[in-house]
Every structure is written in structure tokens, then in C-alpha cells.
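**Q** Mind looking over this structure? Questions follow.
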Amino acid sequence: MLGIGCTKVDETVADKYAATDFYGTPQGADVALASIYAQVPGNWDGVGYAGADRGWYDLNSMSSDEQVVPHRTTGDWELDFARLYLRQWLPSESFINNTWNWLYKSIFTSNLAIDQLQKANADPAKIAEAKVSRAFFYYLLMDDFGNVPFYTDNNLTVDKIPQASRKDVYDFVVSELTANVDKLSATRGGAYYGRFNKWAGYALLAKVYLNAEVYTGTPKWAECIAACDKVTEGGFTLHSGVADANNTLGFKYYELFGDVCPDDETILAIYTKADVVGRNIFTVRSLGGTDGTAILGYGAWNGSVVLKDYVQKFADNDIRKRQFRYGANPFGPQPAGFINYSLDITSLDNPGAAPNDGARNQKFFPVTPRSSGGASNDFPIYRYADILLMKAECLLRSGGDATAANNLITQVRVRAGLAALPGTPTLDNIYDERGFELTWEGHRRQDMIRFGKFLLAHGLAPAADSHYLLFPLPTSALNANPLLTQNQGY
């Protein structure tokens with residue numbers, strides 16, 4: 001009964017801490033940090049960085065040339081995915097609202113954790129980890145939206161949060177990273193799998209510097225190279241790409257996208273266990289329904305496709321081409337009755353694509369536990385292959401050592417079964433190599449913008465106006481905060 005209570009109220013409760021005591025302990029500090037990292041795995045309703053649908057990953061991947069979910073002639077799938085690919089999105093799109101809400105919830109959670117840790121005089125490394133995590137979320141915001149609401153104190157109502165310029169947010173992110181990255185743990189893997197250690201912090205800083213010219217008008221190529229070199233000090237190497245009969249796609253390379261991302265190459269990953277921590281839907285969303293049943297044992301969604309011009313850029317002897325499933329003799333399993341997907345696709349919206357049109361992607365070939373709701377593949381946010389290509393790009397852009405740049409690119413190409421590029425590499429070579437190596441990992445929109453490709457026609461998408469280089473602020477955010485100004489063109 002609710003009326004029965006304790007009558008001896010002067011006991012000492014040994015397992016109850018004041019907040020300032022609790023968050024100052026190693027266990028308490030980890031609880032504060034766990035509240036931040038809990039925001040990162042993808043899940044339903046557009047939550048998280050990657051793994052589920054209609055969130056940050058879809059917004060940034062399907063607005064590029066690397067994938068799209070077409071409307072089907074059978075009536076399946078709404079038109080909003082096609083609008084992303086065609087650069088016809090609206091401020092009211094669910095992808096935009098979900099991304100905005102997820103990032104600001106993550107920033108609120110980070111602000112709270114930082115406040116808790118600072119008031120408790122917690123380990124400086126743990127405070128630094130919370131600050132680097134917050135900088136990560138602000139980096140994603142300024143990358144997508146430009147000028148955004150900015151706050152570091154949660155004691156503000158939504159309608160009072162000021163809008164900061166993209167450059168001011170950039171300056172804040174750089175300042176937070178440079179002040180805190182060296183305070184982070186240098187431990188790789190183990191308890192730091194999926195967390196910002198020193199090397200993941202420098203990988204994030206390198207990404208910010210790589211795109212500095214887009215954000216501020218001033219390039220930071222030398223600074224990006226220096227940050228890449230700091231990551232290299234962590235002892236990372238490329239994971240093996242040798243043939244492996246035990247791997248579904250035939251090569252050890254695809255271990256990078258399986259159950260646990262190998263820590264020889266993986267710098268920062270998202271831990272996933274379907275129906276427990278996030279989910280990874282990327283292959284089950286791509287395969288046709290009966291293919292899912294035949295290959296995986298459960299129905300698939302018949303959603304995401306890769307257009308013909310993108311697939312055909314890959315050399316036939318490139319092991320990375322095995323991620324694409326199409327034709328009468330596809331890579332991977334070939335059970336009785338498997339679907340022969342056509343590379344040809346002529347419409348995304350009206351009337352849409354036929355059910356079996358478009359290549360499918362199996363890069364994240366589902367690992368257990370798995371179901372029609374998603375699999376347990378972890379997701380690599382930063383990999384060493386990316387660092388090598390970033391440094392090569394900066395060397396070329398800054399007029400540096402082209403031979404050194406080619407050597408970096410060659411490491412990635414040779415692992416994929418290809419020869420070195422002949423002669424001096426070009427920026428277009430690096431752009432293409434980034435597409436080959438990092439497709440479906442969330443980098444493509446950013447790369448297309450930096451290389452001046454984003455507004456050009458590609459696949460079934462016509463050329464686009466320059467205002468599409470930024471997403472619009474959501475209508476709901478404008479309605480809630482009169483201090484905000486919409487991005488130009490919306």
C-alpha cells in the first residue's frame with residue numbers, strides 16, 4: 001500500500017551521493033558521458049548519426065549521388081527520398097526536422113554533462129571528452145545548416161537562443177577541439193571503442209579543417225595535414241583486403257563493416273546491437289523483399305538503390321564493387337530465386353521505378369542479431385583510409401609533394417586490388433577514390449560540395465541552384481524562435 005512508509009528517517013544512506021560527489025567519481029563521469037553517446041546510434045524516428053532511416057545519415061547521403069530510395073510504380077515509398085536526391089527538398093521535410101531535433105537534443109545533453117562534470121571537478125579527460133563530443137554535434141549542424149542557434153548553457157528557452165554565424169560556430173568548434181583533444185585518452189579499443197579518444201578527436205579536427213574553406217572562405221590545408229599526422233601517430237594501418245572464403249563478399253575488407261569494426265583501421269565507430277543499441281538497416285532496406293527472405297531469412301524493404309552511372313565508375317577488378325548487387329550473376333549469395341536487379345532506372349518520382357530497377361548495396365551485409373527491422377553491424381564514422389585520402393587531397397591543394405600524395409592514394413587502391421595511378425594524381429582522382437572507398441559512410445555530400453560537384457547534374461538529378469548547398473532551417477524551428485533567419489532561397 002502507498003500509505004506504508006519508513007518510520008526511521010535518521011539512517012545514513014551509504015549508496016546515495018550528492019550530484020557533485022557522484023559525477024566526480026570515475027563511474028559517475030562515465031554515466032554523464034554515456035548520456036551523450038546514447039544519442040549517437042541510429043534508431044527509429046530519425047534519431048542518431050547512422051543506422052536507421054529519415055535522420056542525419058539519409059539527409060546527407062541521399063542528397064548526394066551515392067544512393068536514393070525511388071518511388072515505385074507499385075505505389076511503394078513516398079516521394080520525399082526522391083526529393084532529396086533531386087535537390088527539391090522542403091523546409092518541412094521529416095529528414096530535416098529529425099536531424100535538427102536530434103542534434104539539438106544531443107547538444108542539450110552535452111551541455112548538461114559538461115556542467116555536471118565541471119561542478120564535480122571530474123577528471124579533466126572526461127570533461128574534455130564531453131566538450132569534444134559537443135563540438136562534433138555543432139560541426140554537423142554548421143555543415144548542414146550554416147548559421148545556427150548557438151548555446152552552451154541550458155538555462156535558455158528556445159525562443160531566446162541567438163543565431164550564430166557559420167564562421168563563429170566554426171571558430172568555436174576549432175577552439176574547443178584544439179583546447180581539449182590532447183587531454184583525451186590515447187587508449188584504442190576496449191572501453192574506448194565508440195568513444196572520442198585522442199585519435200578520434202584529431203580525426204574530427206582534420207575533418208573540420210578539411211572543409212574550412214567551405215565554412216569560412218579561408219582554406220586550412222596545412223592544419224588538416226598536421227591533424228592527419230597526429231592521427232597517424234596513433235599507429236593505425238589499413239585493414240587487410242586479402243581474399244577470404246569465409247566472408248560473404250569474398251574479402252577481409254568487408255570486416256570493416258561487420259559486427260565489430262577492426263581497430264587497426266577504425267578510429268571511431270558506432271556500436272550497434274539491433275533492438276538493444278540502435279540498428280543498421282542499410283542492406284535490409286536496399287534488398288528486395290523476396291531477396292531478403294532467400295538470402296537473410298526475413299523480408300527486406302526494396303528501398304535504397306545505386307544508380308547506374310555511379311556503379312559503373314568502379315573498375316570490375318575493384319573489390320569494393322562487390323558491395324553492389326545486380327545482374328544475373330551478382331556478388332554474394334545466389335540462392336534459388338534470387339532477384340536479377342537491373343542497373344537501368346529511368347524515373348525516381350513520376351511514375352517512379354519498377355520494383356527490381358536499380359543496383360542494391362550489401363556493404364553492411366547483415367550480422368546477427370538481425371531481423372527485418374535491422375541488423376547489428378557497427379558503423380565506422382572515421383577510418384584511417386579516409387585520413388590517408390584527406391592528407392593526399394590537402395597536399396595537392398596546397399601545392400605540396402604530389403609523389404607523397406600519390407603514395408597515400410596508392411595504399412588505398414592497392415588494398416582494393418587496383419594499381420597505382422599513372423603519373424601525377426589530380427583532385428578528380430582523389431574525388432573519385434573517396435567515392436570508391438567511402439561510399440555509404442556519410443561523407444559524400446560534404447565531398448561533393450568541397451570539390452564543386454554538388455550542384456552539377458548527375459544520374460537522374462538535374463543541375464541545382466546554389467542555395468541547395470545548405471539545408472533550410474526547419475519550419476518548426478522558425479516558428480519557435482523569432483531570432484532565427486531562414487537560409488537564403490527558402
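**Q** With a ≥ b ≥ c taken as the square roots of the eigenvalues of the C-alpha gyration tensor of region 405-457, please select rounded if a/c is under 1.5 and otherwise prolate if a/b is larger than b/c or oblate if it is not?
**A** Working: a/c = 2.70, a/b = 1.58, b/c = 1.71.
Oblate.
**Q** Under 1.5 on a/c is rounded, so check that first for the chain, then, if it is not, pick prolate when a/b is larger than b/c and oblate when it is not; a ≥ b ≥ c are the square roots of the alpha carbon gyration tensor eigenvalues.
**A** Values: a/c = 1.44, a/b = 1.33, b/c = 1.08.
It comes out rounded by the Cα gyration axes.
**Q** Any idea what the dipole of region 144-284 comes to, in debye rounded to 20, about its Cα centre with Lys/Arg Cβ at +1 and Asp/Glu Cβ at -1? Let's see the in-between values first.
**A** Working: 13 positive and 18 negative charges, 27 e Å.
For this selection, approximately 120 debye.
**Q** What FRET efficiency would be calculated for the residue pair residue 38, residue 329, taking the C-beta separation as r and a Förster radius of 60 Å, to the nearest 0.05?
**A** Values: r = 43 Å, r/R0 = 0.72.
Approximately 0.90, to the nearest 0.05.
**Q** Here is a follow-up. How much of the accessible area of the chain, probe 1.4 Å, is carbon plus sulfur, in whole percent? Kindly include the intermediate steps, with their values, before the conclusion.
**A** Values: 9930 of 18790 Å².
The C+S portion of the solvent-accessible surface of the chain is 53 percent.
**Q** Still on this structure, I have one more. Residue 179 label point, 7 Å along Cα→Cβ, cut-off 12 Å on backbone N: hits in region 101-144?
**A** Inside the label zone: 128, 131-132, 135.
**Q** Would you list the membrane-span-like helices of the chain, meaning whole DSSP H runs whose alpha-carbon atoms span at least 15 Å along their axis and whose mean Kyte-Doolittle value is at least 0.0?
**A** Numbers: long enough: 26-37 (16 Å, 0.57); 94-119 (37 Å, -0.27); 124-145 (31 Å, 0.27); 166-180 (21 Å, -0.28); 198-210 (18 Å, 0.72); 221-232 (17 Å, 0.55); 384-397 (20 Å, 0.79); 402-415 (20 Å, 0.09); 427-438 (16 Å, -0.73).
Sorted by number, the helices that extend far enough and score high enough are 26-37, 124-145, 198-210, 221-232, 384-397, 402-415.
**Q** Points 7 angstrom from Cα along the Cβ direction at residue 290 and residue 159: gap in nanometres?
**A** Using points 7 Å along Cα→Cβ, the separation is 5.7 nm.
**Q** Which cross-chain or sequence-distant (5 or more) residues have an amide H under 5 Å from the amide H of residue 383, H modelled 1.01 Å from N in plane?
**A** 267
**Q** Further question: Starting at the first residue of region 238-254, write each ³J(HN,Hα) from the Karplus equation 6.51 cos²θ - 1.76 cosθ + 1.60 with θ = phi - 60°, in whole Hz, x for Gly and Pro.
**A** Using θ = phi - 60°, the values come out as 6, 5, 4, x, 5, 4, 8, 5, 7, 8, 4, 9, x, 9, 5, 3, 6 Hz.
**Q** Continuing with the same structure: Assign one of three labels to region 320-423, namely rounded, prolate or oblate, based on the Cα gyration tensor with a ≥ b ≥ c the square roots of its eigenvalues; rounded applies when a/c is under 1.5, prolate when it is not and a/b is larger than b/c, and oblate otherwise.
**A** Values: a/c = 2.29, a/b = 1.86, b/c = 1.23.
Prolate shape, in that a/c is at least 1.5 and a/b is the bigger ratio.
**Q** Using a basic spin-label model with each label point 7 Å from the Cα along Cα→Cβ, how many nm lie between residue 420 and residue 240?
**A** The modelled label-to-label distance comes out at 2.5 nm.
**Q** With +1 on the Cβ of every Lys and Arg and -1 on the Cβ of every Asp and Glu, and nothing else charged, how large is the dipole of region 309-464 about its Cα centre, in debye rounded to the nearest 20?
**A** Values: 18 positive and 16 negative charges, 65 e Å.
Rounded to the nearest 20 debye, it is 320 debye.
**Q** While we're on this one: Pairs to check: 198/363; 230/453; 313/453; 198/230; 220/391. Give those whose C-alpha atoms are more than 18 Å from each other in this structure.
**A** Working: 198/363 28 Å; 230/453 29 Å; 313/453 15 Å; 198/230 9 Å; 220/391 12 Å.
In this structure, 198/363; 230/453 exceed 18 Å between Cα atoms.
**Q** Among 253, 389, 82, whose Cα sits farthest toward the positive end of the charge dipole of the chain (+1 at Cβ of Lys/Arg, -1 at Cβ of Asp/Glu, about the Cα centre)?
**A** 253
**Q** Kindly state, to the nearest 0.05, the FRET efficiency for residue 276 paired with residue 105, given R0 = 25 Å and r defined as their beta-carbon distance. Before the final figure, lay out the partial values.
**A** Working: r = 20 Å, r/R0 = 0.81.
About 0.75, to the nearest 0.05.
**Q** Turning to a different aspect of this structure: Whole-Hz ³J(HN,Hα) for each residue in region 288-302, computed from phi via Karplus 6.51 cos²θ - 1.76 cosθ + 1.60 with θ = phi - 60°, x for glycine and proline: what do you get?
**A** In residue order, the calculated couplings are x, x, 6, 5, x, 5, 6, 8, 10, x, 8, x, 10, 9, 6 Hz.
**Q** Find the accessible area per residue for the chain; the probe is 1.4 Å, ligands and nucleic acids are left out, and the unit is Å².
**A** Working: 18790 Å² over 490 residues.
Per residue, the chain has an accessible area of 38 Å².
**Q** How high is the FRET efficiency from residue 76 to residue 475, r the C-beta distance, R0 30 Å, rounded to 0.05? Kindly include the intermediate steps, with their values, before the conclusion.
**A** Numbers: r = 27 Å, r/R0 = 0.90.
Rounded to the nearest 0.05, the efficiency is 0.65.
**Q** Moving to a separate point now. Taking H placed 1.01 Å from N in the peptide plane, check which residues at least 5 places from residue 50 or on another chain put their amide H under 5 Å from its amide H.
**A** Residues meeting the criterion, in which the H sits 1.01 Å from N, are 42.
**Q** Can you list residues from other chains, or at least 5 along the same chain, whose modelled amide H is less than 5 Å from the amide H of residue 359?
**A** 306
**Q** Subtracting the Cα-Cα distance from 0.36 nm times the residue separation, let me have the gained length for residue 263 to residue 466 in nm, one decimal.
**A** Working: separation 203, 0.36 × 203 = 73.08 nm, distance 3.92 nm.
Answer, rounded to one decimal: 69.2 nm.
**Q** Under 30 Å between alpha carbons, and skipping anything fewer than 8 positions from residue 160 in its own chain: which lysines qualify?
**A** Cross-link targets: 105, 119, 126, 131.
**Q** Roughly what would the spin-label model give for residue 336 and residue 222, points 7 Å off Cα along C-beta, in nm?
**A** 6.8 nm
The values are calculated or read from the model by the stated rules, or taken from the named source; none is laboratory data. Since we're looking at a predicted model, the values are computed, not measured. Using ideal geometry, Cβ is built from the backbone for each residue, glycine included, and neighbour counts are taken over all protein chains shown. What goes into the accessible areas is simple: the full protein's heavy atoms, side chains included, and nothing from ligands, DNA or RNA. Shrake-Rupley method; radii C 1.70, N 1.55, O 1.52, S 1.80 Å.
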